[in-house]
Amino acid sequence: MSQRNAQHIEKIPYGKGEMEVRIPRKNYVATLMPSFRPGLKDEAGAVRQALENPIGTPRLREMARGRKSAVIVVNDITRSTATYKLLPHLIQELKDGGMRENQVQLLVATGTHRDNTPQELEGMLGKDMVRRFKVVNHHCQDDRIMVDLGKTRGGIPVVINRLFWEAELKITTATVAPHQSAGFSGGRKSVLPGIASLATLKQHHGFGMRSERPAMGWVDGNPFHTNALEAAKMAKTDFILNTVQNDRKEITQVVAGDVEKAWLEGVKASREIFEVKIPRPADIVITTPGGFPKDIDLYQSQKAMASSELVVKEGGTVILLAECKDGVGAHGFYEWMSAATCPQDVIDRFIREGYSIGASKAWLFSRCLKRSDLIVVSKCLNDKTLKEMFTERADTADEAIEKALAKHGENAEIILLKNGSDMVPRFEGK
């Protein structure tokens with residue numbers, strides 16, 4: 001048998017191209033990837049149908065009757081919601097309910113992110129929408145624009161953008177997809193963290209609300225989720241319009257209606273795509289964010305490590321295929337990692353000091369490192385930087401696999417995890 005025939009070979013998205021991964025057949029266990037769901041042929045029709053048949057609420061045009069103001073929360077540039085496909089239908093529903101365009105404003109759920117530029121807004125929302133409607137970027141650090149609604153039962157202060165609170169009709173748009181802390185994105189996340197104050201975010205994203213294991217797909221009993229949902233209800237969110245997308249970012253389903261009931265239907269649809277069964281934990285897990293822009297830097301690429309934590313054995317090795325053309329990434333991530341003597345130091349410091357953007361990412365990164373070794377396949381990062389982050393580097397997947405097999409032995413088992421940023425691994429029988 002030739003050497004090539006003795007290998008399992010796959011091409012994996014890497015940067016704007018691909019990288020070939022060759023796994024010895026005797027070590028190969030499985031490739032975990034999303035289930036195929038075709039994109040909708042008639043997206044506009046699906047949006048209209050969702051609006052005509054909302055889940056858990058009256059039709060939006062009925063809710064709009066007699067209302068004098070509406071705010072529609074939209075995702076920022078970092079999310080692939082294709083909001084421009086939703087807004088025309090939402091606006092038409094409001095107009096059919098008797099509202100005028102000058103009574104409607106769009107609020108960008110930036111969370112802790114920067115303002116979206118005029119050019120980005122046009123790409124997100126459509127030039128026509130930006131021209132016709134007032135668009136406001138949320139600023140989490142500006143206390144002057146906030147309103148305090150009290151605390152959740154979990155003790156999280158609900159301080160959110162006053163523009164949303166004072167609107168007579170409150171609508172949110174988003175995409176439902178697996179999320180490493182919230183279980184799934186969308187729904188309630190448009191309010192918390194989307195339009196919340198920094199003080200609220202710090203408490204909600206602190207250690208007390210986060211799982212010590214990745215929360216991919218975890219909804220019931222997840223405090224990160226339950227507190228965000230309670231906050232969205234305290235904010236009196238009237239109506240949501242959310243999409244579900246496949247791994248190619250094509251819309252596969254649209255849900256509309258109640259912030260909880262409609263969202264749960266979206267969760268069900270997303271789970272059918274991204275939940276995968278694992279035969280058993282593996283010594284070595286190869287994971288990938290899915291190419292550019294998800295692997296633009298190590299900060300973004302970390303998301304692919306979350307699902308691998310659920311697949312790799314304790315003491316195993318994760319191989320992260322991520323180009324990282326922009327290096328480690330900003331926000332203090334590297335500073336937090338390099339200041340520590342070991343991953344546990346980072347975890348302990350995060351528990352003591354609480355949330356900041358860099359601290360949160362360093363904690364998520366270190367959580368994986370505490371469980372397993374990490375080899376990053378990237379020519380754009382250097383050995384010194386990664387060593388300071390308790391991580392090895394390799395130029396190719398072949399080199400990384402060779403290093404991992406040298407540690408775990410020639411009979412080590414390997415699982416390949418495609419689209420690691422979005423997968424929800426579950427062991428067979430559970």
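All of the numbers you see were taken from the coordinates with simple rules; none came from a lab. Computed from a predicted structure; not experimentally measured. Quick reminder, even Gly has a Cβ in these numbers, built from the backbone with ideal geometry, and neighbours come from all protein chains shown.
Against the longest principal axis of the chain, how steep is helix 343-353, in degrees 0 to 90 to the nearest 10, with axes from Cα atoms? On a 0 to 90 degree scale, this one is about 30. When every Cα-Cα distance of the range 243-376 is counted in 10 angstrom steps from zero, the calculated P(r) takes the values 12, 32, 33, 21, 3 percent. Treating the angle as unsigned and between 0 and 90°, give the value, to the nearest 10°, between the Cα long axis of helix 87-96 and the longest Cα principal axis of the chain. The two axes meet at around 20 degrees. Histogrammed with a bin width of 10 Å, the alpha carbon distances of the range 155-252 distribute as 16, 47, 30, 7 percent, first bin at zero. Here the Gaussian network model covers the chain, with springs between Cα atoms less than 10 Å apart; of LYS418, LYS236, LYS361, LYS236 fluctuates the most.
According to the Cα-based calculation, Rg over Rh for the range 6-47 is 1.23, with Rh computed by the Kirkwood formula. Taking amide H positions as modeled 1.01 Å from N, with prolines and chain starts lacking one, the residues under 5 Å from GLN7 and 5 or more places away or on another chain are ARG25.
Less than 13 Å Cβ to Cβ from GLY315, Lys/Arg counted +1 and Asp/Glu -1: what total charge do the surrounding residues give? It would help to have the intermediate numbers written out before the result.
Working: positive: LYS313, LYS370, ARG371, LYS407; negative: ASP283, GLU309, GLU314, ASP373.
Value of the local net charge: 0.
Please rank TYR299, TYR84, fewest neighbouring Cβ atoms within 10 Å first, as an exposure proxy. Could you put the intermediate results ahead of the total?
Working: TYR299 22, TYR84 17.
Listed from fewest to most nearby Cβ atoms, that is TYR84, TYR299.
Please work out, to two decimal places, the log10 of the ratio I(q)/I(0) at q = 0.19, 0.22, 0.23 Å⁻¹ from a Debye calculation in which every Cα of the range 337-430 carries one identical scatterer. Scattering profile of the range 337-430, log10 relative to I(0): -1.09, -1.23, -1.26.
Gyration tensor over the Cα atoms of the range 43-273: the corresponding equivalent ellipsoid has semi-axes (square roots of 5 times the eigenvalues, largest first) of 25, 21, 17 Å.
If each residue's Cβ is checked for other Cβ atoms within 10 Å, how do CYS380, CYS140, CYS342, CYS368 rank with the fewest at the top? If you can, show how the numbers build up before the last one.
Numbers: CYS380 18, CYS140 24, CYS342 12, CYS368 21.
So the residues, fewest neighbours to most, are CYS342, CYS380, CYS368, CYS140.
The shape of the range 176-215 can be summarised by an equivalent ellipsoid whose semi-axes, obtained from the alpha carbon gyration tensor, come to 17, 15, 5 Å from longest to shortest. So what's the back-of-envelope 222 nm ellipticity for the chain, counting only DSSP H runs of four-plus at -39500 (n - 2.57) apiece and dividing by all residues, rounded to 500? Here the helix-only value at 222 nm equals -9000 deg cm²/dmol. When the P(r) of the chain is calculated, the portion above 37 Å amounts to 25% of the C-alpha pairs.
Which of the chymotrypsin sites (Phe, Trp or Tyr not before Pro) found in the range 1-79 are loop residues per DSSP with 16 or fewer other Cβ atoms within 10 Å of their Cβ?
Numbers: sites: TYR14, TYR28, PHE36; in loops: PHE36.
Passing both the DSSP loop test and the Cβ count: PHE36.
Scanning the chain for GluC sites (Glu not before Pro) that sit in a DSSP loop and have at most 13 other Cβ atoms within 10 Å, the longest stretch containing none of them is 1-211.
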